[in-house]
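Right, one structure below, let's go through it.
No value in this document is a laboratory result; all are computed from the given coordinates. Fair warning: this is a prediction, and the values are worked out from it, not measured in the lab. Counting neighbours? That spans all protein chains shown, and the Cβs are built from the backbone with ideal geometry, glycine included.
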There are 2 protein chains.
Amino acid sequence: MKKRKPTIKDIARKLDISVSTVSRAIRGAEDINPVTKRKVLELAEKIGYKKSVLAAGLASKKSFLIGVIIPELTVPFFGTAILGIEEFLKPLGYDLIILHSDENAQNESDCIDLLIDRQVDGILISLSMNTTNDDHLRRAMEEEIPLVVFDRILPNSELPIPRVIVDDFDAGFQATQHLINKGYKRVAFITGPVDMYISQKRQEGYVRAMERNGRPTSAEYIVPATDLRRSVGTALDKLMVLKDKPDAIIAFNDPIAFKVISLLHKRGVKIPTQIAVMGISGDAMGELFYPSLTTINQPAKEMGFVAANLLIDRVTAMKKAKDEGKLFIPMSILKTLPIELIEREST
Amino acid sequence: MKKRKPTIKDIARKLDISVSTVSRAIRGAEDINPVTKRKVLELAEKIGYKKSVLAAGLASKKSFLIGVIIPELTVPFFGTAILGIEEFLKPLGYDLIILHSDENAQNESDCIDLLIDRQVDGILISLSMNTTNDDHLRRAMEEEIPLVVFDRILPNSELPIPRVIVDDFDAGFQATQHLINKGYKRVAFITGPVDMYISQKRQEGYVRAMERNGRPTSAEYIVPATDLRRSVGTALDKLMVLKDKPDAIIAFNDPIAFKVISLLHKRGVKIPTQIAVMGISGDAMGELFYPSLTTINQPAKEMGFVAANLLIDRVTAMKKAKDEGKLFIPMSILKTLPIELIEREST
C-alpha cells in the first residue's frame, strides 16, 4: 500500500502557518498575502497534494450533491426521469444521491432528513402515493435547501416550490377520446388510489371526455387499483362481473395495463377484439407486449431535465440574493409538459 | 429566511481558540484539555451548533458514501440488486451515490474517477459489456478505496477484488436441460456479445447440457445479440432462415427473451407449440408476458446484499490493519450464488 496522501495539514505544518490559511490559499481566496499563497501552492504541487472534493465542498458550503427521491427504484418511468436529471446536472459537476420511498410517506420523510444531514445542494422529489402533507418539504426549505417536486405533487401544498408535471387531465381526456373515436362503447377506467392527485386528474379527463361525447359516466365503470401493485386483479374482477362488461379499459398507468393484459389473457379474453386496453406512461416495454400497448406517452426524460433546470435556477437565485444581502423570495412555479398518444395494437 | 446556522468558526472566535481545537473537542478527541473541551461543548449547545456530516466525514476520513456503478439504470435486475445493497448498508448509516455507465467502458472509467474525487468509502460495480481492462479498478484501489464487483466481472483480472456472481454455467446448463426434458429437439441459444464473460459461461453450460444429452451442438444454433438491445431481430432472423428451424430458443437474458416473444408474435409463430422461449434473469415482468416467461432466476437482491456485505468486510479489515500498523493484504474472493428454474407457460 502506498504512503498516506498529503493533506492540507502537512502543508500547514511545514510552512508553520494555520490550516485555514492553507485552505484559503488553495481555494484561491483574495484576502491572503500573495507570497504566502505562492509558497502554499508551490509546496502543494511539490508534495502531490490533491484537493479534496469533500474539503472543497466544506469550504464553499457546497456539496455538489443533489438528492433525488423517487417512489420506486424499479419503475422505468422514474429511471428514465433520472436520465434527464443527470443530463442536466452532470455537465455542471453535480452528482446524485438517489433514494426511494418505496411508496411510503414515512420513508420519504426519513429520506428528506437524510439529505438535510448530507447537506445536499438541492432536492428533486416525486412524492409517494401515501404522502398527504408537506412538513418534510418545509423542513428542507427551512434548512435553505431548494426543492423541486416532479410528477407526483401535493396539489394543496402552499409551499412556494417549483413543480413539474404532465397534463394529467389531458392524458385521461385523450386516452378516452381515442377509444371513443375507435368505436368502443363502454369505456372503463382503472384508477390509482383515490387520494392520489395525478390519478384524480386523469379520472377527471376521462369523465370530461365521456360527457363531451354524450356518454353518461357510470360509477361502476370507475374502479381503483388501491395500492398500484397487488390490487389490479380485484379491480378487474369488479369490471368483469358487470352485466354490461366494458369493451375498453384505460389503466391509470402502463404497469397496471401490463397486468390487465396478462389477466385478460388468463381469462381467455381476446385483446382488443373483446376488450381493448390502454395505458398512460409510455414505458418502452409496452412495445414488446402482446398485443403491443396503446398508451399516452409522458416525456419522462424531459420532465427530469426540466425539473433539474428549475432546481439549479433556484440554487442560483438563492445564492444571488445572499450575495447581494437581499431576502430571497421563493416563487411557486408549475410547469406542465404536454403528452402524446402512441397508438399500437391493444386498442 | 432564518438566520445563518452557527458554525465551528463562530465557536472558535468566541472562545478565542483555533478551529481545529473546536473540531477536535466536538468529535471527542482525547488529546485536548478537558476544560477547553467542556467550554466548547457548552457553547456549541448554547448557540445551537449542529455537527455537519460533511465536516464529520472530513474529520474521520469517512464520507459514509458508497458508490454504486451499474451498466443500465432502467434494467430491473440492477434496480433489484440495489434494493439488496441498500438493505445491508442503510442500517450502517451509509448512503449510495448511484451512477450508470450506459454499457460504455469509457463512461465507467469516468464514474470511477468521479467516485474517487467524492472520496467514497467504497465502490460496488457491475461492469459494462464493453469493459475489457481493469485500469480504472486499479486506480480506485491505489486510492485506498475498497471495491466489490458483482454480476458482471472481468474473469481475467488479477486484481485481488471480492466478486459476487451467480453460477452462469449452471444457468445455461439448467435452461438447456429443462428444454430437453420437455421434449424439445432443436434448442438454439441467443447469446450476449462474444467477449462478455457471463454470456460465455451461459453458452458453455448450454453446450455441456447438449453434449450430455447426446445432442451435437451446431454452430448455427448459437447466434449473438451483439449489443443486447437493438440486435435481437438480426439474431432471430438468422435462426428463422435455417432449414431446421429451432423448436426452442434460450435467450441470454429476460429482456432479450421479451423481445424474442414479441418478434415471434409478429411473425405469427405460436409459443410454445411452434417455438418455446426461455430467458435467464428472473425479471418480475416475465410473469405478465403472454405467454408468461419460463426463466432461470438470479437472486438479484441477495447478490446486492452479499456484495455490500463483502465491501464492508473489506472496509473493516483495511481499517483494522491500519489501526494496528500492519500492511493490509487484499484477498481475491469469488462468491457464487445458486440459481433456480422458474417454469411458466413459454416452454
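Quick one: in chain B, what % of C-alpha pairs are over 28 Å apart?
Within chain B, distances greater than 28 Å cover 53 percent of Cα pairs.
If you average the C-alpha positions of segment A:298-325 and of segment B:117-191 separately, how far apart do those two centres end up, in angstrom?
With segment A:298-325 and segment B:117-191 each reduced to a Cα centre, they are spaced 38 Å.
Which log10 I(q)/I(0) values does the protein assembly as shown give at q = 0.10, 0.11 Å⁻¹ under the Debye formula, counting every alpha carbon as one identical point scatterer?
Calculated log10 I(q)/I(0) at the listed q: -1.04, -1.19.
Which of B:Lys322, B:Lys182, B:Lys39 moves most in a GNM of chain B, Cα contacts under 10 Å?
Top of the fluctuation ranking is B:Lys39.
Based on alpha-carbon atoms only, what is the radius of gyration of segment A:168-298 relative to the globular estimate 2.2 N^0.38 Å?
0.93
Within 10 Å of each residue's Cβ, count the other Cβ atoms and sort A:Ile180, A:Ile333 from fewest upward.
Sorted ascending by nearby Cβ count, the order is A:Ile333, A:Ile180.
Give me, ordered by chain and number, the residues 5 or more places off A:Arg118 or on other chains with an amide H under 5 Å from its own placed amide H.
none
Which far-off residues, 5 or more places away or on another chain, put their amide H under 5 Å from the one on B:Gly279, with H placed in the peptide plane?
Amide H neighbours of B:Gly279, under 5 Å, 5+ apart: B:Ala251, B:Thr294, B:Thr295, B:Ile296.
Along Cα-to-Cβ, 7 Å out, sits the label point; list in nm, shortest first, how far the one on A:Thr234 is from those in the other copies.
Between copies, matching label points for A:Thr234 lie 4.9 nm apart.
For a distance above 26 Å, tell me the whole-number percent of Cα pairs in segment A:231-347 that qualify.
42 percent
Ordered shortest first, which distances in nm separate the 7 Å Cα→C-beta label point of A:Asp102 from those of the other copies?
Here A:Asp102 shows inter-copy label distances of 3.2 nm.
Listed here are the pairs A:Lys62/B:Lys319; A:Lys62/A:Lys301; A:Lys90/B:Lys301; A:Lys62/B:Lys335; A:Lys14/B:Lys319; A:Lys182/A:Lys259; which of them are more than 30 Å apart at the Cα?
As for pairs spanning more than 30 Å Cα to Cα, those are A:Lys62/B:Lys335.
Estimate the FRET efficiency between A:Lys185 and B:Leu334 by the formula 1/(1 + (r/R0)^6), using the beta-carbon distance for r and 51 Å for R0, to the nearest 0.05. If you can, show how the numbers build up before the last one.
Values: r = 61 Å, r/R0 = 1.20.
The computed FRET efficiency comes out at 0.25.
With a 10 Å Cβ neighbour count serving as the proxy for reagent exposure, in which order, fewest first, do A:Asp95, A:Asp110, B:Asp170, A:Asp323 appear?
By the 10 Å Cβ count, ascending, the order reads A:Asp323, A:Asp110, B:Asp170, A:Asp95.
Between the label point of B:Ala321 and that of the same position in each other copy, find the distances and list them shortest first in nm, with every label point placed 7 Å from Cα along the Cα-to-C-beta direction.
5.1
Can you give the angle from 0 to 90° between the axis of helix B:197-212 and the longest principal axis of chain B, with both taken from C-alpha atoms, to the nearest 10?
Orientation of helix B:197-212: about 30 degrees from the principal axis.
So for chain A: antiparallel DSSP bridges make up what percent, rounded to the nearest 5? Please list the in-between numbers first.
Values: 3 of 36 bridges.
Of those bridges, close to 10 percent are antiparallel.
Could you list A:Tyr49, A:Tyr94 in order of exposure, starting from the residue whose Cβ has the fewest other Cβ atoms within 10 Å? Present the calculation step by step, with values, prior to reporting the outcome.
Working: A:Tyr49 19, A:Tyr94 22.
Fewest-to-most ranking of A:Tyr49, A:Tyr94: A:Tyr49, A:Tyr94.
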